[in-house]
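Bear in mind these aren't lab numbers, they're just calculated from the coordinates by the rules spelled out. Just so you know, these numbers come straight off a predicted model, no measurement behind them. Here the Cβ positions follow ideal geometry from the backbone for every residue, glycine too, while neighbour counts run over all protein chains shown.
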Amino acid sequence: MTLLQDIGALAEIYDVAIVGAGPAGMAAAVTARAQGLSVVVLDRGFAAGGQIYRGLGNSPLAGRRDLLGPDYWKGEALLDDFLGCGADALHQASVWYLDASRCLGVSQGGAARIIAPRHVILATGAMERPMPIPGWDLPGVMTAGAAQILLKTSALVASDAVLVGDGPLLWLLAAQYLAAGVPPKALITTTPRRRLAQVAGAIPGFLASPYAAKGLALLWRVRRQVRVLDGSGGVEIRQHAGRLQVRHHGGAEEIGADHVLLHQGVVPEVNLARAAGCPMVWQATSGCWAPQVDAWGNTGLTGIAVAGDGAGIRGAEAAAVAGRLAAREATRALGVITGAVRDAQSAADIRALRRLQRGRDFLDRLFAPSPSQRAGSPEAMACRCEEVTGATLRRAVAETRAAGPNQLKAYTRCGMGPCQGRLCGLTVGEVLAQHQGRSPAEVGYFRLRPPVFPLSLAEMASMPTLEEEEGRANRP
Amino acid sequence: MFRRLSDTGEAMLPFTLDGLPAEGRAGDTVAAALLALGHLACRHSAVGGVERGPYCMMGLCFDCLVEIDGQGNRQGCLTLLRPGMAIRLQPGRRALGQ
């Protein structure tokens, strides 16, 4: 890998531009380079790894490997391959534009450029599903993923923390805090109590999956050592006397804490794919949008693929496999190998993907937030940026008969802030869907336009003129 | 409070917070350094003027905005702490020209 220092060091032409340096992006880069393609990886992080392997190459916990667990360190082999693969990498770079002709706008270090790669693989990964409960916008309330990032990069652990929600990441965080010797004060699970019975049919498939033994051991370890309050709906957080107070439905007591760490699953981070115009599909089981892709990650736009959790949540190992498949397909599309060679090279990966898919259906269904959790509480801030509450949203839906998210955005400003709807878009869709008696698929989503990350006027002004770009391209 | 587990001896990085001397560790983002010092809030929100602090730590929520070396609206979680940085908690909406 060649670490590019600034945006001016980007070549004019790449066979493949990969957005994101998590498992999917790294694996795609390694595979594409092995086929002889020129590759650039554009990544928002400080170093390769994405969120799951964040800080892996420079961990402050390298001397305490047990703490983060084996799944984290498993990423080292892939990271090493990536660092040695000969791709160009530009970190701290935001890709804010992509269109159907594969013009790609990127900014870094206060400057911006448009490049035109022959093929694009989006490996933008996942983000935590918004969890609009009252008080989720208070200082001291963060996501479980945020707490994990602080642990991986700065070896920081929140003492006196209450964990709220459900899903593998929340339990993993609890286990990591236990291993660190800083047990969470309590873990309040929000999955409805009857859910396990409802998804019982998927249990045998789960037990045969690679996740079962690991997941159950984790659950057992945490349950033995942490106070777990099960199936609590109606969780509310308020600030009182400089501390957070957590109340949950059915619990008479309030639990005081310095930190509250929230999690109700992860969803694909799709703003760039959506703004580029990739056709999207609603994934009803997990309640989220994903780009429509085929088995190779091809979207509806020629030469633009999506690999990894950004195309649907399957986890880090599956993301790396999907990255390799997308890279081989890119190689085929660019005429370097035939379809038959691509298929032959990919047979083992396709088998691996099938194995990794086993058991995921159970996890998706077990931890899917209920409709009321997805729509959020009326008392909670639905749109954090523009400070629009759930109640304001509901009033606007009722009074204005807004047909869809875009009208609701015009009426209330929800989704208009700097996060560009990432933390309210799913909530808005659910509120509309439930009011109208339709599915979120029918309600649709905000119309996203570039830039998908804020771009300063100075960055825009720094962009080369058309004449300068042409002059550069014509240079021998 | 956040507790620091690391004992790998990262360098201490001096910076100023609202003009007062402060310290973080090499490898910290600005957001992490402020959290480690106990500043759970880093700004007042643009619309309601209420306290907000980092939420996602991965560059998506824009709740960790601070002023760094005179420039407002910087995402603390996407900025590595550098020695000598002048960091200010952000009071509401950023003024034009800042």
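Apply the a/c threshold of 1.5 to the C-alpha gyration tensor of the range A:164-209 and tell me whether it is rounded, prolate or oblate. Note, shape of the range A:164-209 comes out oblate.
Rounded, prolate or oblate for the range A:128-265? Axes are the square roots of the Cα gyration tensor eigenvalues, ordered a ≥ b ≥ c, and the cut-off for rounded is a/c under 1.5. Since a/c reaches 1.5 but b/c is at least a/b, the shape of the range A:128-265 is classed as oblate. Say a paramagnetic label sat at a point 7 Å from the Cα of residue A:447, along Cα to Cβ; which residues of the range A:92-113 have their backbone N under 13 Å from it? Once the point is set 7 Å along Cα→Cβ of residue A:447, nothing inside the range A:92-113 turns out to lie under 13 Å by backbone N.
Left without a cysteine partner by the 4.7 Å Cβ rule in chain A: A:85, A:103, A:278, A:288, A:385, A:419.
Taking the DSSP beta bridges in chain A as the whole, what percent of them are antiparallel, to the nearest 5? Kindly include the intermediate steps, with their values, before the conclusion.
Numbers: 29 of 60 bridges.
The answer is about 50 percent antiparallel.
Give the relative contact order (percent, whole number) for chain B; include only Cα pairs under 8 Å separated by 6+ residues.
Working: 201 pairs, mean separation 30.1, N = 98.
Across chain B, relative contact order equals 31 percent.
With the simple spin-label model, which puts each label point 7 Å out from Cα in the Cβ direction, the residue A:179 to residue A:438 separation comes to 4.6 nm.
May I ask for the Kirkwood hydrodynamic radius of the range B:16-98, worked out over all distinct Cα pairs and given in angstroms to one decimal? Could the numbers behind the result be given before it?
Working: mean 1/r = 0.0802 Å⁻¹.
The Cα-based Kirkwood calculation yields 12.5 Å.
Label positions at residue A:116 and residue A:370, each projected 7 Å from the Cα along the C-beta direction, are separated by 5.4 nm.
Test of understanding: what is the full-extension gain from residue A:406 to residue A:467, defined as 0.36 nm times their sequence separation minus their Cα-Cα distance?
Working: separation 61, 0.36 × 61 = 21.96 nm, distance 3.72 nm.
Length difference between fully extended and current span is 18.2 nm.
Listed by chain and number, the lysines placed with their C-alpha closer than 30 angstrom to that of residue A:214 are A:74, A:152, A:185; residues fewer than eight positions away on the same chain are left out.
Starting from the Cα gyration tensor of chain A, multiply each eigenvalue by 5, take the square root, and state the resulting semi-axes largest first in whole Å. Display every interim value, and only then the final one.
Values: eigenvalues 260, 145, 99 Å².
Each semi-axis is the square root of five times an eigenvalue, giving 36, 27, 22 Å.
Take the alpha carbon gyration tensor of the range A:192-276, find the square roots of its eigenvalues, order them as a ≥ b ≥ c, and report rounded if a/c is under 1.5; if not, report prolate when a/b exceeds b/c, else oblate.
The shape class here is oblate.
Residues within the reach of a label modelled at residue B:11 (point 7 angstrom out along Cα to beta-carbon, backbone nitrogen below 13 Å), restricted to the range A:1-36: there are none.
For chain A, relative contact order (Cα pairs under 8 Å, six or more residues apart, normalised by length) works out to 19 percent.
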